[in-house]
Amino acid sequence: MRKIVFVTGNKGKFREVKDILASKGFEVVQNTDGYPELQEDTLEPIAAYGAKWASSKLGLPVIVDDSGLFINALNGFPGPYSAFVEKNLGNSRVLKVMEGETERSAVFKSVIGYCEPGGEPLTFTGTVKGNIAFEELGAGGFGYDPIFDYNGKTFGELGDEVKNKVSHRRRALDKFLEWLE
Ligand code: ITT
């Protein structure tokens, strides 16, 4: 089994990446040391910088995952600020901002950054389209999953097994694995 270090403090992300990569013959080890997060409008430079910084600090090849929810009616908000908004406002306040809004389309995006010590970082982007639900539904997943409706059910209702087949994270990891091979 090949081992890979995933630098993240987010338990939900770690669980998903571990499960997705286990089915491909990888053992994923979590490292919670963190990395400086650049303030950027897009996720790719944040993931690239974090992967390079962490691989050089740890002296190991690492992956990181910078992700976010982009709501079209809000011009892509919270996007790169998703973690801050989740922590300080939460799903109920996001739903409040969306009250009365009929255009509810949104995109979840995950950027996997990969870097080897002394090397240049690579990024792999995955997206999935859905809609912002009218209420929080489902106890599965994490973060924004209860308000992200994918074909009539929220990611919170679908649970990890189904989510991991279609998610932004799965799509980004598939691109990473394709590159590795
Ligand atoms: P790291 O340590 O990996 O940086 P983080 O939680 O700070 O963890 P981000 O900076 O990438 O991660 O912020 C992404 C935010 O979007 C965060 O609030 C997540 O909970 C949320 N999020 C990311 N992927 C998600 C998913 O698949 N389902 C629900 N919410 C998600």
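The values are calculated or read from the model by the stated rules, or taken from the named source; none is laboratory data. Fair warning: this is a prediction, and the values are worked out from it, not measured in the lab. Virtual Cβ from ideal backbone geometry, glycine too; neighbours counted across all protein chains shown. The protein model used for the area step is the full one, side chains on, heavy atoms only, and it has no ligands, DNA or RNA in it. Shrake-Rupley method; radii C 1.70, N 1.55, O 1.52, S 1.80 Å.
Contact map, the range 138-159: first residue closer than 14 Å to ARG104 by Cα and in a helix (DSSP H, G or I), second residue open to solvent by less than 50 Å² (accessible area, probe 1.4 Å) and among the polar types (S, T, N, Q), Cβ cut-off under 7 Å, separation 6 or more or different chains; pairs are ILE147/ASN91; ILE147/THR154. Here the range 55-82 is the region considered, the condition is being touching a residue at least 60 places away in the same chain (Cβ under 8 Å) and open to solvent by 20 Å² or more (accessible area, probe 1.4 Å), and the residue that is farthest from ALA139 (Cα to Cα) is SER56. Within the range 87-100, restricting attention to residues that are outside any loop (DSSP other than H, G, I, E, B) and open to solvent by 60 Å² or more (accessible area, probe 1.4 Å), the residue that is nearest to the ligand (Cβ to nearest atom) is LYS87.
Is at least one residue of the range 101-109 at pLDDT below 95 and part of a loop (DSSP other than H, G, I, E, B)? Among the residues of the range 101-109, not one is at pLDDT below 95 and part of a loop (DSSP other than H, G, I, E, B), which makes the answer no.
When residues in the range 107-142 are screened for being within 13 Å of the chain's Cα centre (by Cα), open to solvent by 20 Å² or more (accessible area, probe 1.4 Å), under 17 Å from GLY76 (Cβ atoms) and not basic (Lys, Arg), 3 of them pass.
Does LYS52 satisfy being outside any strand (DSSP E or B), farther than 18 Å from GLY143 by Cα and open to solvent by 50 Å² or more (accessible area, probe 1.4 Å)? Steps first, please.
Working: outside any strand (DSSP E or B): yes; farther than 18 Å from GLY143 by Cα: yes; open to solvent by 50 Å² or more (accessible area, probe 1.4 Å): yes.
So LYS52 passes the test.
For the range 33-49, enumerate the residues that are surrounded by 17 or more Cβ atoms within 10 Å (Cβ to Cβ) and either within 11 Å of the ligand (Cβ to nearest atom) or among the basic types (Lys, Arg) (or both). Passing the criteria: TYR35, LEU43, ILE46, ALA47. Checked against (1) touching a residue at least 12 places away in the same chain (Cβ under 8 Å); (2) within 14 Å of the ligand (Cβ to nearest atom); (3) surrounded by fewer than 19 Cβ atoms within 10 Å (Cβ to Cβ), ASP174 passes all but condition (2).
A single member of ALA106, ALA83, ALA73 is within 20 Å of ASP149 (Cα to Cα), of a type in the set (A, V, I, L, M) and more than 14 Å from the ligand (Cβ to nearest atom), and it is ALA73.
Within the range 1-17, the set of residues being in a loop (DSSP other than H, G, I, E, B) and either within 13 Å of the ligand (Cβ to nearest atom) or buried (at least 16 other Cβ atoms within 10 Å of the Cβ) (or both) comprises THR8, GLY9, ASN10.
Going through (1) more than 12 Å from the ligand (Cβ to nearest atom); (2) within 18 Å of the chain's Cα centre (by Cα); (3) open to solvent by less than 60 Å² (accessible area, probe 1.4 Å) one by one, ILE20 falls short only on (1).
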